[in-house]
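Notes follow the structure.
All of the numbers you see were taken from the coordinates with simple rules; none came from a lab. Bear in mind that the values here come from a model prediction, so they are computed numbers and not experimental data. All Cβ positions, even for glycine, are placed from backbone atoms using ideal geometry, and neighbour counts span all protein chains on display.
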Amino acid sequence: MAILSVNCGSSSLKYQLYDWDAQKALASGLIDRIGLKDSNIVHKYAGQKIERKDNCADHQTAFHLVLDFLLKEAKLISSLADIEGVGHRIVHGGVNFSASALIDDAALAEIKANKDLAPLHTPPNVVGIESAREVMPDTPQVAIFDTAFHQTMPEYAYAYALNYELAQKYKIRKYGFHGSSHRYVSERAAALLDNRPGWKAIIVHVGNGSSLSAVRDGKCLDTSMGLTPLAGVIMGTRAGDIDPAIVQFLVHKTGETVEQIMSRLNKESGMLGVSGFSDQRDILAGAARGDTRCQLALQMQAYSVKKYIGAYLAALNGADALIFTAGIGENSPDFRQAVCENMSALGLELDVAKNQERSGAERLISAPDSQIKIFVVPTNEEFIIARDVIELVRGKN
């Protein structure tokens, strides 16, 4: 049986069709520019990449286009009954969702109630759910929350030092994101560390969006992102941690609104803001040819990650493993080396030759005398989504 995973953005729909029994992806794709003329449509399956343009008025139309492709063009399913469940990646689960959940009317209402916590993400997430429920009313729908994995954080780690009553009233706290990735990698960490009781790991998820987590025995004790995905380390286009007074300062200096400044912090800052590029490959190429802004961006990125690693080593009282994952964490030896340089006092020693090896496999890259093992673990969020759907759907039957 197949599982369909759906990730709706404000003007996009990403999908993957996953064969649970064969443990492999059958197809994936993206429809963007939804609501505009000439929407971009990309489907990948059986080693092929199909690209085309179409007029896609809304997310429901996009969902129909995906199902039509899977049914009629790729013929990967013979009917909608071949899809056992639909998994929806939901960015924000608020305080009430500590695990994935079947979507009924009550669950959908609770997801909608969290709109203020993720105003950019929740509305399109809801549209994706409602579109799928309308097109496939008899198929179970499951919400997989980015925030769920981090709900084990103690209050002293997730609370902000704000007026307590105000924070409680508006649910202002650290939530954390990239939960499916951190959960998958933490499960692999347990296996790599022989499941010994009390194991401790720091997970470094670095792609265009980036976050770290401190994990003990599979439970998150702290994470770098906060109320929103803007907080934490420097990212592709997001500023990460800054003095909050900068927002007011820029409002006064530029005459722009708070919303405009926040958009800049999310979309025009980070590596893009410093270097002029958001793609790591462009930044590395620029640094190699002597572009000082690219060099500065790389130094700032590595330094921001180093600081969190140091903080989490203190919070965990040491660690058994440091694990790199996601696009940059998995594929950039230069990034990993920059992060691990001059960390020997904290027990981290990189094997330079192993780090430079190009491989899509899970691997150890620390030196033999490193007190903390350093791993590269390719993340697999789609597996987590598919497994959660299967467990909830089959558990229901």
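Things to note:
- Fully extending the segment from Val251 to Glu73 would add 59.0 nm, taking 0.36 nm per residue of separation and subtracting the current Cα-Cα distance.
- Debye log10 I(q)/I(0) for the chain, one point scatterer per Cα, at q = 0.11 Å⁻¹: -0.87
- Charged-residue dipole, Cβ positions (Lys, Arg, Asp, Glu), the chain about Cα centre, Debye nearest 20: 480
- Cα centroid of region 350-380 to Cα centroid of region 73-113, whole Å: 35
- From helices alone, the chain scores -11500 deg cm²/dmol at 222 nm; the rule is -39500 (n - 2.57) for each run of n ≥ 4 DSSP H residues, then divide by the residue total.
- Cβ crowding within 10 Å averaged over residues, with 49-55, 342-348, 317-323 ranked highest first: 317-323, 342-348, 49-55
- For region 281-351, the ratio of Cα radius of gyration to the globular rule of thumb 2.2 N^0.38 Å stands at 1.18.
- Distance cut-off 22 Å, percentage of C-alpha pairs in region 214-290 lying past it: 38
- Spacing of the modelled spin labels on Ala167 and Arg52, each 7 Å from Cα toward Cβ, amounts to 5.3 nm.
- Taking Cβ atoms as reference points and 11 Å as the exclusive limit, the residues near Tyr15 contribute a net charge of +2, counting Lys and Arg as +1 and Asp and Glu as -1.
- With Cα atoms, 0 to 90° folded angle of helix 59-68 axis to the chain main axis: 70
- Our analysis of region 2-145 gives Rg over Rh at 0.96, with the two radii drawn from alpha carbon positions and Rh computed by the Kirkwood formula.
- Cross-link partners for Lys169 among the lysines, with Cα-Cα distance under 27 Å and sequence neighbours closer than 8 places in the same chain left out: Lys112, Lys115, Lys219.
- Note that region 23-95 carries a Kirkwood radius of 13.6 Å, evaluated over its alpha carbons pair by pair.
- Over 20 Å [Cα-Cα, region 194-381], rounded percent: 56
- Reciprocal of mean inverse Cα separation for region 110-151 (Kirkwood radius, Å): 11.4
- The chain: angle of helix 179-192 to the longest principal axis, Cα-based, in degrees nearest 10: 60
- The distance from the alpha carbon centre of region 268-305 to that of region 19-37 is 31 Å, rounded to a whole number.
- Of all lysines in the structure, the ones whose alpha carbon falls short of 21 Å from that of Lys49, not counting any fewer than 8 places away in one chain, are Lys14, Lys24, Lys72, Lys75.
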